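The values are calculated or read from the model by the stated rules, or taken from the named source; none is laboratory data. From a predicted model like this one, the values you see are computed outputs, not experimental measurements. We place every Cβ from the backbone using ideal geometry, glycine too, and count neighbours over all the protein chains shown. These area figures cover heavy atoms from the full protein model, side chains too; ligands, DNA and RNA do not enter into them. Shrake-Rupley method; radii C 1.70, N 1.55, O 1.52, S 1.80 Å.
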Amino acid sequence: MVNSKFTRRVRTAFAASAGRVGAVPLLVFLVIAGCDLGDEVEGMPAPERTAEFGLVVHGGAGTITRESLTPELEEQYHSALEEALRAGHDILEQGGSALDAVSAAVVVLEDEPLFNAGRGAVFTAEGTNELDAAIMDGRTLDAGAVGGVKRIRNPIELARLVMDESPHVFMVGEGAETFGRQFDVVEVDEDYFYTEARWEALQRALENDGTSSAPSSADDGRMLGTVGAAALDRDGNLAAATSTGGMTAKRFGRVGDVPVIGAGTYANNASCALSATGHGEYFIRNVVSYDICARMLYTGATLEEAADAVIHGVLVEQGGTGGVVAIDASGNIALTMNTPGMYRGHMLAGQDPVTRIYQEE
Ligand code: ASP
């Protein structure tokens, strides 16, 4: 019997090659490779799935310790993550798309001031809020991203519009906001993003730096709270979405990894869908999300192995902190971090939502 990983590769190779070299040489290859064409290619049965559908979410990674959270705050984080999981899961259960599920989950987290995205976005060193977001469709590899927007209540919705309604992938600042206006995207006054906790965090960061330059260390609470989701739907399609205010006291104009496709956000039905959180500069330089998916394709690593190699290997060697939540086409998941904690959760078909905060849980 041909195993499902091999079947998937054959299917991808067949789809990719049929248009270029014609089907005949490929069929010859498949026969030589001992492939049962009737069963595995023409019928193209879905790979065996661990879960028929499901999603994973995160609300940021960093120095989250039991001492730093009260039981009340812990409870608030758990219930916000659960609400996001249920929003996405309801859509998937009713046969909705992975894309709609990740958008819905991220909107819930953007509206929750606890997280550094949408309403609870952190401040730049100048005291402004500049938000980044991205979404990607693993079926088509379509993607939409926005960087440095200041007046959009749910940046993930604007990223979706860039993907669906423009010929572009990535739009920034005023141009992105002007584009969104055509579609009645919800705009808010800049003070919508003012929260006392984030303002105080900025004052602390500026005092520590003694300067308003970009932070040198991420592991001091400045990068907590980015949100994201990755999902598999009943049709076997994957999608990922991520949204953030970036890092406290970042320079204005700084854009992190979140909207950089392949760095903080990536989805490809042939491998996996991921949303990342952490010190963005490291995630950009190491193209973290793409690297994890590519390792699955190129080396045959499982999702968990690929995520471990990048998060605990590549990043740790460089001092890059953070984590990812990911799901593959078979419904396997990975929630991997190299920080003391990551707000995270998963909800697979037929299962209850599971939410976690600390690494050792
Ligand atoms: N990755 C985000 C950024 O660098 C921050 C985070 O994940 O918390 O903008």
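Selection of the stretch 123-150 for residues being under 19 Å from Gly256 (Cβ atoms), touching a strand residue (DSSP E or B) at 6+ places or on another chain (Cβ under 8 Å) and in a loop (DSSP other than H, G, I, E, B) yields Ala125, Glu130, Lys150. Residue count for the stretch 89-141, restricted to those that are farther than 19 Å from Gly173 by Cβ and in contact (Cβ under 8 Å) with a residue 24 or more places away in the chain: 29.
For Thr244, the conditions (1) at pLDDT 95 or above; (2) within 16 Å of the ligand (Cβ to nearest atom); (3) surrounded by fewer than 21 Cβ atoms within 10 Å (Cβ to Cβ); (4) of a type in the set (S, T, N, Q) all hold with the exception of (3). Please verify whether Ala176 is without any contact (Cβ under 8 Å) to a residue 60 or more places away in the chain, more than 16 Å from the ligand (Cβ to nearest atom) and in a helix (DSSP H, G or I), treating the condition exactly as stated. When the stated conditions are applied, Ala176 passes them.
Conditions tested, residue by residue: (1) at positive phi; (2) out of contact with any strand residue (DSSP E or B) (no Cβ under 8 Å at 6 or more places or on another chain).
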| site | (1), (2) |
| --- | --- |
| Gly262 | yes, yes |
| Ala267 | no, no |
| Ala276 | no, no |
| Glu281 | no, yes |
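When Leu202 is tested against the conditions (1) modelled with pLDDT under 90; (2) over 22 Å from Pro340 (Cβ atoms); (3) not hydroxyl-bearing (Ser, Thr, Tyr), the lone failure is (1). Of the residues examined, Gly313 is one that is without any contact (Cβ under 8 Å) to a residue 12 or more places away in the chain and more than 23 Å from Gly236 (Cα to Cα). Each residue in the stretch 179-198 was checked for being open to solvent by 90 Å² or more (accessible area, probe 1.4 Å) and part of a helix (DSSP H, G or I), and 3 pass. Picking from Leu348, Leu335, which residue would you name as being open to solvent by 10 Å² or more (accessible area, probe 1.4 Å), closer than 23 Å to Asp137 by Cα and within 16 Å of the chain's Cα centre (by Cα)? Criteria check complete, one pass: Leu335.
Taken over the stretch 62-83, residues that are within 16 Å of the ligand (Cβ to nearest atom) and either in contact with a strand residue (DSSP E or B) (Cβ under 6 Å, 6 or more places away or on another chain) or at pLDDT 95 or above (or both) amount to 4.
Considering the conditions (1) within 17 Å of Thr242 (Cβ to Cβ); (2) open to solvent by less than 40 Å² (accessible area, probe 1.4 Å); (3) aliphatic (A, V, I, L, M); (4) touching a residue at least 40 places away in the same chain (Cβ under 8 Å), Met163 is excluded by exactly one of them, (4). Scanning the stretch 266-285 for residues that are near the ligand (Cβ under 10 Å from one of its atoms) and of a type outside the set (Asp, Glu) gives Ser275, Ala276, Thr277, Gly278, His279, Gly280, Tyr282, Phe283, Ile284.
Scanning the stretch 48-64 for residues that are part of a loop (DSSP other than H, G, I, E, B) and touching a Leu at 6+ places or on another chain (Cβ under 6 Å) yields Ala51, Phe53.
All of Leu303, Leu335, Leu274 fail the test of being in contact (Cβ under 8 Å) with a residue 60 or more places away in the chain and of a type outside the set (Ser, Thr, Tyr), apart from Leu335. Cβ-Cβ contacts under 6 Å between residues 6 or more apart (or on different chains), taken from a first residue in the stretch 57-74 that is under 13 Å from Arg356 (Cα atoms) to a second residue that is open to solvent by 20 Å² or more (accessible area, probe 1.4 Å) and at pLDDT 90 or above, are listed as Ile64/Pro340; Thr65/Pro340.
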